[in-house]
1. Tell me which residues, restricted to the range 55-101, are among the hydroxyl-bearing types (Ser, Thr, Tyr) and surrounded by 13 or more Cβ atoms within 10 Å (Cβ to Cβ).
2. Among the residues of the range 251-281, which ones are among the polar types (S, T, N, Q) and either buried (at least 24 other Cβ atoms within 10 Å of the Cβ) or over 21 Å from the mean Cα position of the chain (by Cα) (or both)?
3. Would you confirm whether any residue within the range 268-276 is in the same structural domain as Pro357 (by TED's automatic domain parsing), farther than 12 Å from Ala290 by Cβ and part of a loop (DSSP other than H, G, I, E, B)?
4. Based on what the data block shows, is Lys63 assigned to a helix (DSSP H, G or I), modelled with pLDDT of 90 or more and among the basic types (Lys, Arg)?
5. Filter the range 362-390 down to the residues that are part of a helix (DSSP H, G or I) and within 24 Å of Ile243 (Cα to Cα), then identify the one that is modelled with the lowest pLDDT.
6. Determine, yes or no, whether Val270 is at pLDDT 95 or above, touching a helix residue (DSSP H, G or I) at 6+ places or on another chain (Cβ under 8 Å) and within 21 Å of Val349 (Cα to Cα).
7. Among the numbered criteria (1) surrounded by 19 or more Cβ atoms within 10 Å (Cβ to Cβ); (2) in contact with a Gly (Cβ under 6 Å, 6 or more places away or on another chain), which one does Asn364 miss?
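The values are calculated or read from the model by the stated rules, or taken from the named source; none is laboratory data. The model shown is predicted, which means the values in this text are computed figures rather than measured ones. Note that we place each Cβ from the backbone using ideal geometry, even for glycine, and neighbour counts take in every protein chain shown.
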Amino acid sequence: MRFKKFLFYFSIIILIFGAYLFGNLTGRGALEFKNHYIPALKYTAMQGPQDIDFSLFWDVWNKIEEKYVDSKQIDRWKMFYGAIQGMVAAVGDPYTVFLDPEQSEKFVEEIEGEFDGVGVELSVKNGKLTVVSPLEESPAKKAGIRANDLIEKIDGQPTDGITLEEAVNKIRGKQGTAVVLTINRNGRSLEFRLIRDRIKVKSVKWEMKGQIAYLQVSQFIDRTSSEAQKAADAILAQKPKGIILDLRNNPGGYLDGAVDLASLFIKEGVVVYEQDKDGKKQPLNVVGRAKLADLPLVVLINGGSASSAEIVAGAIADHHRGVTIGEKTFGKGTVQSFEKLKNGATLKVTVAKWLTPNGHVIENQGLKPEIEVKLTEEDIKAGRDPQLDRAIQELSQKIKH
């Protein structure tokens, strides 16, 4: 495995995700809660504009222990993890998140492509809890939830000021249970009662549409690269004249999956640049054999295409390898890595920004398609797909010539 960085635009299909704070800061000492004993903590200051005095933390902790009326009911591990989550949240980056052991376990289920939930990708955009995309064949998709829907209430409770972690905690649940989402869609208030189900993500699908191959990648999970390779071999066996790559409503995932997919279509060169906190740019180049490089190509994108999906679309566009059709993408251009910590906890931290091969910044900007084609509410109700129709039209014209 070359690298396991994630490009989830927090999103992360209805789940939530540090340092085991004090163990990492001091290099010693866990908390001991027996008999309400809390050891003294020595904080070794790191280089920075000022030293941090952790005695305030312990003052607050001790006063809660001493004075809170129901102190015997306090879940001290929950309070401890909550303190870490608050510290990480104070960074101000919605994609940098601490996961306690239980949350970390759920996240592993997510990236393996199987979990309980409603199958909707979330982000906080302009202060609003926003649907990035519903997963294919999920309860959310079947109910009619769409990319860019704003979730105003969860089970009747307003989402004003809600964090992604809080939203995920409210929406996720056991298979067979219900959750009610109140949606704002272009000024219209809609209510959806969703029954949670076991979500099994099939990240790669393909079929032939006459002489044209249609390849849909719905998410970049752990097995996407291998599935895409198998699909490419099967497609070539059909001797297609052209290919459509559908990245609509693809929220992202593994970075290496994006590089692998782009490498099926691009023979050589840079797929994406990573720019670290010091401004240093590292190119990630194509890998392997470009099995599909000689086929005329159209890429479908929309507002639900994010992070890894934007990397693939951006690379194809900058290399003039194919035509992009659809609507402007989401605009998630940062890289997250996951740090394994003590007790099974993890830290998801933004470590870099990424740029397309031509240096285009995607964060908060997105990618504009070469050919813009809207998919309206009327189209959806009527079962029409003008974006796919236009893609077939473009390829058919190229095949004739």
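1. Tyr81, Tyr95, Thr96
2. Ser263
3. Yes, the range 268-276 has at least one match.
4. Judged against the criteria, Lys63 is a match.
5. The extreme case among them is Ile380.
6. In short, no.
7. With respect to (1) surrounded by 19 or more Cβ atoms within 10 Å (Cβ to Cβ); (2) in contact with a Gly (Cβ under 6 Å, 6 or more places away or on another chain), Asn364 is out only on (1).
Residues are listed down the side, and each one gets a yes or a no for (1) surrounded by 17 or more Cβ atoms within 10 Å (Cβ to Cβ); (2) in a helix (DSSP H, G or I); (3) touching a Leu at 6+ places or on another chain (Cβ under 7 Å):
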position: Lys202; (1), (2), (3): no, no, no
position: Met208; (1), (2), (3): no, no, no
position: Gln216; (1), (2), (3): yes, no, no
position: Ser226; (1), (2), (3): no, yes, no
position: Ala234; (1), (2), (3): no, yes, no
position: Ile244; (1), (2), (3): yes, no, yes
position: Asn249; (1), (2), (3): yes, no, no
